[in-house]
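S.K.: One structure coming up, written as structure tokens, with questions to follow.
The values are calculated or read from the model by the stated rules, or taken from the named source; none is laboratory data. Every value quoted in this text rests on a predicted model; they were computed, and no experiment measured them. Every residue, glycine among them, receives a Cβ derived from its backbone with ideal geometry; neighbour counts consider all protein chains shown.
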Amino acid sequence: MNTRRDLPESPYLAAAGGRKPHRVPVWFMRQAGRSLPEYRQLRAKNTMMQACFDAELICEITLQPVRRHGVDAAILFSDIVVPLRAAGIGLDIVPDVGPVIDHPIRTADDVAAVRPLDAAEVAPVAEAVGMLVGALGDVPLIGFAGAPFTLASYLVEGGPSRNHERTKAMMLGEPQTWHALMSKLTDVTIAFLRTQLDAGVDAIQLFDSWAGTLSLADYRHFVLPHSTRVFAELAEHLGSDSGVPMTHFGVGTAELLGAMGEAGATVVGVDWRTTLTDAAARVGPGKALQGNLDPVVLLAGWPAVERAVRGVVEDGRRAVDAGATGHVFNLGHGVLPPTDPGIVTDTVALVHSL
């Protein structure tokens, strides 16, 4: 495994690791993406899947928001379905739709056919991480993966879903099949994150984008054990003194924050529906928080942005006073495509000035 970089001045690593940063750190989910004209220019010549498996494109797209906005962390350009493709699942990312699965997983036989992640398939991702570690200087690099539940929801539904009917039907009606699928996807997720960690990422984030569709009881029974295994095996792989921050994030997860905090991450991401102060109480002491500006605020003009940003920073300070070990400024979900990049740059500068 690669030796970890020593980045003692990184505000992101300090806040995420329970130390006092010299300024409030800020980065944005989906900062490397559709709001940037330079990204759209590159993507006009490449499909999403092509870009996700090309080391030079991964590297360039990851660097774009760091150059433009001066954020305190880069997040690897990828997609949560990349490890599924590397595990032999036929799929594509369809513009304006999202991931579409060729043959949805609906039966025990379908689950049995799911293969482990093929390390050779994600070699371009590892190569890109190595390139980025050299190019980013003192800016940390965050690797990521989709959590087993969110991956399962795409596989079972066959694509994005509003109500997750088939997913919940399998989960509640065929629990043995469900846990077998989740176990296989947990293995795939761990393998993908280990690939990134061994290549040199400085932190990781687990995206459980659709966990908020579940009740707390169902989350605890059908999802939490598998997410817990992801963090436990990565912590064991890294060693107890690695200091690598691990973030757990979902959307609409206000009722799940306490359980998500139990899974083993060091940072819990919070969406805009919950104040950071309330989140600190729900998650409990000993965890840093990340969030949680509503992405739509960035479309509302600078006076609204400035008010909201100042409010989130103040709320983050109150959360730290209430027991959170740190606060990383972020959105409550990803940057929306119509967002003016200039507003994002100004938001970074404002956070840093506070």
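S.K.: Considering each of 265, 232 in turn, give the residue that is assigned to a loop (DSSP other than H, G, I, E, B), hydrophobic (A, V, I, L, M, F, W, C), closer than 18 Å to residue 190 by Cβ and at pLDDT 95 or above.
M.R.: 265
S.K.: What is the residue count in the range 297-343 for residues that are among the small types (Gly, Ala, Ser), more than 19 Å from residue 268 (Cα to Cα) and either assigned to a loop (DSSP other than H, G, I, E, B) or modelled with pLDDT under 95 (or both)?
M.R.: Number satisfying all stated conditions: 2.
S.K.: Something else about it: Can you tell me which residue within the range 285-296, out of those that are within 21 Å of the chain's Cα centre (by Cα) and in a loop (DSSP other than H, G, I, E, B), is surrounded by the fewest Cβ atoms within 10 Å (Cβ to Cβ)? Talk me through it step by step, then tell me what you get.
M.R.: Of the range 285-296, the ones within 21 Å of the chain's Cα centre (by Cα) are 286-296.
Applying the additional criterion that residues be in a loop (DSSP other than H, G, I, E, B) yields 286-287, 294.
Details: 286: 11, 287: 25, 294: 17.
Among those that are within 21 Å of the chain's Cα centre (by Cα) and in a loop (DSSP other than H, G, I, E, B), it is 286.
S.K.: So, one more: I'd like the residue in the range 97-146 that is part of a loop (DSSP other than H, G, I, E, B) and among the aliphatic types (A, V, I, L, M) and, out of all such residues, is nearest to residue 61 (Cα to Cα).
M.R.: The residue in question is 136.
S.K.: Out of the residues in the range 57-81 meeting the condition of being hydrophobic (A, V, I, L, M, F, W, C) and at pLDDT below 95, tell me which one is surrounded by the fewest Cβ atoms within 10 Å (Cβ to Cβ). Give the derivation first.
M.R.: Here is the first cut: in the range 57-81, the residues hydrophobic (A, V, I, L, M, F, W, C) are 57-59, 61, 63, 66, 71, 73-77, 80-81.
After this cut, where a residue has to be at pLDDT below 95 as well, the list is 80-81.
Working: 80: 20, 81: 24.
Applying the filter and picking the extreme gives 80.
S.K.: Could you look through the range 23-33, keep only residues that are touching a Pro at 6+ places or on another chain (Cβ under 6 Å) and at pLDDT 95 or above, and pick out the one that is farthest from residue 292 (Cα to Cα)?
M.R.: 23
S.K.: In addition: Checking the condition within 24 Å of residue 318 (Cα to Cα) and touching a residue at least 60 places away in the same chain (Cβ under 8 Å), which residue from 264, 252, 243, 269 passes? Spell out the reasoning first.
M.R.: Values: 264 fails: touching a residue at least 60 places away in the same chain (Cβ under 8 Å); 252 fails: touching a residue at least 60 places away in the same chain (Cβ under 8 Å); 243 fails: within 24 Å of residue 318 (Cα to Cα).
Just one listed residue meets the conditions, 269.
S.K.: Residue check: is residue 277 hydroxyl-bearing (Ser, Thr, Tyr), over 22 Å from residue 22 (Cα atoms) and either out of contact with any strand residue (DSSP E or B) (no Cβ under 6 Å at 6 or more places or on another chain) or in contact (Cβ under 8 Å) with a residue 40 or more places away in the chain (or both)?
M.R.: no
S.K.: Among the residues of the range 45-62, are any within 19 Å of residue 344 (Cα to Cα), in a helix (DSSP H, G or I) and among the β-branched types (Val, Ile, Thr)?
M.R.: For the range 45-62, residues within 19 Å of residue 344 (Cα to Cα), in a helix (DSSP H, G or I) and among the β-branched types (Val, Ile, Thr): present.
S.K.: Collect the residues in the range 191-218 that are part of a loop (DSSP other than H, G, I, E, B) and more than 18 Å from residue 332 (Cα to Cα), keeping them in residue-number order.
M.R.: Across the range 191-218, the qualifying residues are 200, 201, 202, 214, 215.
Here's the yes/no breakdown for (1) in contact (Cβ under 8 Å) with a residue 24 or more places away in the chain; (2) in contact with a Gly (Cβ under 8 Å, 6 or more places away or on another chain):
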{"residue": "108", "(1), (2)": "yes, no"}
{"residue": "119", "(1), (2)": "yes, no"}
{"residue": "125", "(1), (2)": "yes, no"}
{"residue": "131", "(1), (2)": "yes, no"}
{"residue": "136", "(1), (2)": "yes, no"}
{"residue": "141", "(1), (2)": "yes, yes"}
{"residue": "162", "(1), (2)": "no, no"}
